[in-house]
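Participant: This structure is in structure tokens; I'll ask about it shortly.
Values quoted throughout were computed directly from the atomic coordinates according to the rules given, and no laboratory measurement underlies them. Bear in mind the structure is a predicted one, so any value in this text is a computation, not a measurement. As a convention, Cβ positions derive from the backbone with ideal geometry for all residues, glycine included, and neighbour counts pool all protein chains shown.
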Amino acid sequence: MDLNLFTLIGELVVILLIILLILICITLILGLYLIKNKKLVFPGLLLFTLNLTYPALKKIFKWLQLNDILIDQISIDLRNRINRKKFQQLQAKDVIMVLPHCLRATNCPAVLGESGLECVKCGKCCIGTLKEISEKKEIDVYIVPGSTFIKNVLKQRTFKGVIGVACPIDLNLAMMSLEEFTPQGVYLLKDGCINTIVDVEEVIEVINITQPVTNYKLEEFTK
Ligand code: SF4
């Protein structure tokens with residue numbers, strides 16, 4: 001009797017492992033196709049398998065000493081594409097943008113307030129430029145040093161959409177937890193505590209697609 005029970009448990013574990021392996025293979029095939037070809041196939045299936053296998057995939061990649069950030073990049077790209085249509089329909093005034101304070105210049109004159117860094121648009125880093133464009137569109141910008149400040153922002157005002165910039169891991173986790181706010185994310189090209197880099201044109205592109213659609217270009221704000 002006991003032997004039968006152990007055999008049954010063993011068989012169940014093997015079946016679950018095989019299912020997990022199949023889900024991981026599906027996630028990797030669809031995810032790599034998305035990153036390489038910039039084409040999304042079976043988005044619902046990819047989101048489903050990615051949500052289920054995210055922790056396992058991260059552990060496997062780390063164990064194999066592969067770049068596990070790729071999993072977060074796939075997840076961000078996928079969520080951006082799934083949300084894009086709905087996000088494009090939002091009025092800019094209902095959208096907020098959250099930037100990481102590590103983007104600021106080392107000699108930034110801004111002080112830290114209750115809602116994050118109070119940028120004075122001194123022109124020493126891209127935050128000032130993004131703030132200026134966002135103000136033209138009535139998008140509120142929050143420059144935050146960490147997740148505690150994001151919680152303050154959530155308490156302060158209501159919004160329907162969010163543009164986020166952060167390192168891939170933080171951004172992916174934030175997009176997962178802010179799913180109801182149709183997030184659009186742009187991950188940092190170089191992360192760290194200071195002097196980080198983001199593709200500013202990519203962020204402007206996302207700002208531009210909110211309603212009413214605009215065509216602001218980086219050059220217009222850096223002359
Ligand atoms: S533009 Fe804003 S965030 Fe950047 S260095 Fe100047 S005050 Fe600081």
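Participant: Once you have a ≥ b ≥ c as the square roots of the Cα gyration tensor eigenvalues for the range 124-168, tell me rounded if a/c is under 1.5, and otherwise prolate or oblate according to whether a/b is larger than b/c.
Facilitator: It is oblate, given that a/c is not under 1.5 and a/b is not larger than b/c.
Participant: Right, next: For the pair Glu219 and Leu189, what calculated FRET efficiency results from E = 1/(1 + (r/R0)^6), where r is the Cβ-Cβ distance and R0 = 22 Å, to the nearest 0.05?
Facilitator: 0.70
Participant: Moving to a separate point now. Scan the chain and note any complete DSSP helix (H) whose C-alpha atoms cover at least 15 Å along its axis and whose Kyte-Doolittle average is 0.0 or more.
Facilitator: 2-37, 43-63
Participant: Pick from Leu57, Leu70, Leu21: which is most flexible by mean-square fluctuation in a GNM of the chain where alpha carbon atoms under 10 Å apart are linked?
Facilitator: Its mean-square fluctuation being the largest, the pick is Leu21.
Participant: Follow-up question, since we're still on this one. Of Ile143, Ile69, Ile18, how do they rank once you tally other Cβ atoms within 10 Å and put the fewest first?
Facilitator: Lowest count first: Ile18, Ile69, Ile143.
Participant: I would also like to ask the following. Is the shape of the range 106-223 best called rounded, prolate or oblate, per the rule: a/c under 1.5 gives rounded, else a/b larger than b/c gives prolate, else oblate, with a ≥ b ≥ c the square roots of the Cα gyration tensor eigenvalues?
Facilitator: Rounded is the answer for the range 106-223, as its axis ratio a/c remains below 1.5.
Participant: Need one number: nm distance between label points at Lys38 and Glu118, each 7 Å from Cα along Cα→Cβ, rounded to one decimal.
Facilitator: 4.1
Participant: Relative contact order for the range 69-223: what percent, with Cα pairs under 8 Å and sequence separation of 6 or more?
Facilitator: 31
Participant: If you place +1 on the Cβ of every Lys and Arg and -1 on the Cβ of every Asp and Glu, how big does the dipole about the Cα centre of the range 2-66 come out, in debye to the nearest 20?
Facilitator: Result for the range 2-66 is approximately 580 debye, rounded to the nearest 20.
Participant: Same structure, new question: Mind checking which lysines have their C-alpha under 19 Å from Lys136, skipping anything on the same chain fewer than 8 residues away?
Facilitator: Lys93, Lys121, Lys160, Lys217, Lys223
Participant: Same structure, new question: Determine, for Cys167, Cys122, the number of other Cβ atoms within 10 Å of each Cβ, and report the residues in order from fewest to most.
Facilitator: Ordered from fewest to most neighbouring Cβ atoms within 10 Å, Cys167, Cys122 come out as Cys122, Cys167.
Participant: Sorted from fewest to most neighbouring beta carbons within 10 Å, what does the list Lys151, Lys39 look like?
Facilitator: Neighbour counts put them in this order, fewest first: Lys39, Lys151.
Participant: Right, something else. Note down the relative contact order for the range 45-154 as a percent, whole number, built from C-alpha pairs under 8 angstrom at least six residues apart.
Facilitator: About 24 percent, as a whole number.
Participant: Normalised by the number of residues in the range 2-66, what is the relative contact order in percent for Cα pairs under 8 Å and 6+ residues apart?
Facilitator: Across the range 2-66, relative contact order equals 30 percent.
Participant: Please state the charge dipole magnitude for the chain, taken about the Cα centre, from unit charges on C-beta atoms (+1 on K and R, -1 on D and E), reported in debye and rounded to the nearest 20.
Facilitator: In total the dipole reaches around 380 debye.
Participant: Can I ask one more? Rounded to a whole number of µm²/s, how large is the Stokes-Einstein D of the range 2-66 at 4 °C and 1.567 mPa s, given Rh as the Kirkwood radius over C-alpha pairs?
Facilitator: 97
Participant: Out of all DSSP beta bridges in the chain, what portion is antiparallel? Express it as a percent rounded to 5.
Facilitator: 20
Participant: Let me ask something else. Rg to Rh ratio, the chain, alpha-carbon atoms and Kirkwood radius?
Facilitator: Ratio value, two decimals: 1.07.
Participant: Looking at the range 89-221 only, what percent of DSSP beta bridges run antiparallel? Nearest 5 please.
Facilitator: Roughly 20 percent of the DSSP beta bridges within the range 89-221 come out antiparallel.
Participant: Lysines within cross-link reach of Lys39: Cα-Cα under 16 Å, excluding same-chain residues under 8 positions apart?
Facilitator: Lys85
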